[in-house]
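Asker: Shown below is the structure under consideration.
The values are calculated or read from the model by the stated rules, or taken from the named source; none is laboratory data. For clarity, every value in this text was computed on a predicted model and none was experimentally measured. Methodologically, a virtual Cβ is constructed for each residue, glycine included, from the backbone with ideal geometry; neighbour enumeration extends over all protein chains shown. Side chains are part of the model used for accessible areas, which takes the heavy atoms of the whole protein and leaves out ligands, DNA and RNA. Shrake-Rupley method; radii C 1.70, N 1.55, O 1.52, S 1.80 Å.
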Amino acid sequence: MKKIALLASGSGSNVENIVRYFHSNKELVFFVLSNKKEAYVHERAKKLNLPAYTIDKTGFENGEALQFLLDEHTDFIVLAGFLLKIPENILHVYSGKIINIHPALLPKYGGKGMYGHHVHEAVVAAKETESGITIHYVNEHYDEGQIIFQAKCEVLPADSAEEVARKVHLLEYRYFPEVIEQIVLHK
Ligand code: GRF
């Protein structure tokens, strides 16, 4: 059995989708770790009977988060809408065992400040004809770790940033659990 930490800062719709996907799979167990006590992901966790914890920014920076992950016997870390930078100590201990999903086709629209609606607004402003998702390993630079998987969607001239976000979320729901399954269980 492998234990997966799902790190999320916001709504957590990907967290919910991942947990539902693995519902009847006894090989993986999950818990949520958020940096925000008030994040909606906690409501979802309650509904899913999923253990959920909060460690704030300082706790990530001072080593508390790493200690917590180790105490929980965490095998793998999945960032699903997690907005803090992962500190060096966690990267070191969990090298090659942390993945992130980014809501655009990296290397475009990545880096500091490129998260959530900012990404989709930039895509629309640049009149891109496509966007998509990138699932990648996490290293010390924002959105620069080795790419594992990408999928594309069309961006139409009339699409708003909200519409692009909707299309991108559909790709995330469809592919993120499958990629996690491949990486964690079959690698
Ligand atoms: C997703 O679009 C993900 O790619 C990005 O943050 C968003 C999180 O959405 N990193 P949700 O909280 O899972 O609904």
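Asker: Which one is most open to solvent (accessible area, probe 1.4 Å), of the residues in segment 124-163 that are among the small types (G, A, S), over 21 Å from K85 (Cα atoms) and touching a residue at least 12 places away in the same chain (Cβ under 8 Å)? Give the derivation first.
Answerer: Of segment 124-163, the ones among the small types (G, A, S) are 125-126, 131-132, 145, 151, 158, 160-161.
Adding the requirement that they be over 21 Å from K85 (Cα atoms) leaves 125-126, 131-132, 151, 158, 160-161.
Those left that are additionally touching a residue at least 12 places away in the same chain (Cβ under 8 Å): 131-132, 151, 160-161.
Numbers: S131: 3, G132: 0, A151: 11, S160: 50, A161: 15 Å².
Top of the filtered list is S160.
Asker: Moving on. Which residue is surrounded by the most Cβ atoms within 10 Å (Cβ to Cβ), if the candidates are limited to segment 26-55 and must be touching a residue at least 24 places away in the same chain (Cβ under 8 Å) and polar (S, T, N, Q)?
Answerer: Per the stated criteria, the residue is S34.
Asker: While we're looking at this one, here's another question. Can you tell me which residue is nearest to F76 (Cα to Cα) among those in segment 112-169 that are within 12 Å of the ligand (Cβ to nearest atom) and aromatic (F, W, Y)?
Answerer: Applying the filter and picking the extreme gives Y142.
Asker: Of the residues that make up segment 60-78, is at least one at pLDDT 95 or above, within 16 Å of the ligand (Cβ to nearest atom), surrounded by fewer than 22 Cβ atoms within 10 Å (Cβ to Cβ) and among the polar types (S, T, N, Q)?
Answerer: So far as segment 60-78 goes, no, none of its residues is at pLDDT 95 or above, within 16 Å of the ligand (Cβ to nearest atom), surrounded by fewer than 22 Cβ atoms within 10 Å (Cβ to Cβ) and among the polar types (S, T, N, Q).
Asker: Restrict the check to segment 174-181 and report whether at least one residue is open to solvent by 20 Å² or more (accessible area, probe 1.4 Å), more than 20 Å from E16 (Cβ to Cβ) and either in contact (Cβ under 8 Å) with a residue 12 or more places away in the chain or touching a helix residue (DSSP H, G or I) at 6+ places or on another chain (Cβ under 8 Å) (or both). I'd like the intermediate steps shown before the answer.
Answerer: Residues of segment 174-181 open to solvent by 20 Å² or more (accessible area, probe 1.4 Å): 174-175, 178, 181.
From what's left, more than 20 Å from E16 (Cβ to Cβ): none.
No, because not a single residue in segment 174-181 is open to solvent by 20 Å² or more (accessible area, probe 1.4 Å), more than 20 Å from E16 (Cβ to Cβ) and either in contact (Cβ under 8 Å) with a residue 12 or more places away in the chain or touching a helix residue (DSSP H, G or I) at 6+ places or on another chain (Cβ under 8 Å) (or both).
Asker: Identify the residue in segment 4-41 that is out of contact with any helix residue (DSSP H, G or I) (no Cβ under 6 Å at 6 or more places or on another chain) and within 12 Å of the ligand (Cβ to nearest atom) and, among all such residues, is nearest to A65 (Cα to Cα).
Answerer: Among those that are out of contact with any helix residue (DSSP H, G or I) (no Cβ under 6 Å at 6 or more places or on another chain) and within 12 Å of the ligand (Cβ to nearest atom), it is L7.
Asker: Sticking with this one: Every residue in segment 85-101 that is over 16 Å from V15 (Cβ atoms) and within 16 Å of the ligand (Cβ to nearest atom), please. Before the answer, list the steps.
Answerer: Step one: list which residues in segment 85-101 are over 16 Å from V15 (Cβ atoms), which gives 85-97.
Residues satisfying the conditions are K85, I86.
Asker: Among the residues of segment 1-25, which ones are open to solvent by less than 90 Å² (accessible area, probe 1.4 Å) and farther than 19 Å from D75 by Cα?
Answerer: Quick first cut of segment 1-25, residues open to solvent by less than 90 Å² (accessible area, probe 1.4 Å) only: 2-19, 22, 25.
The answer is S9, G10, S11, G12, S13, N14, E16, N17.
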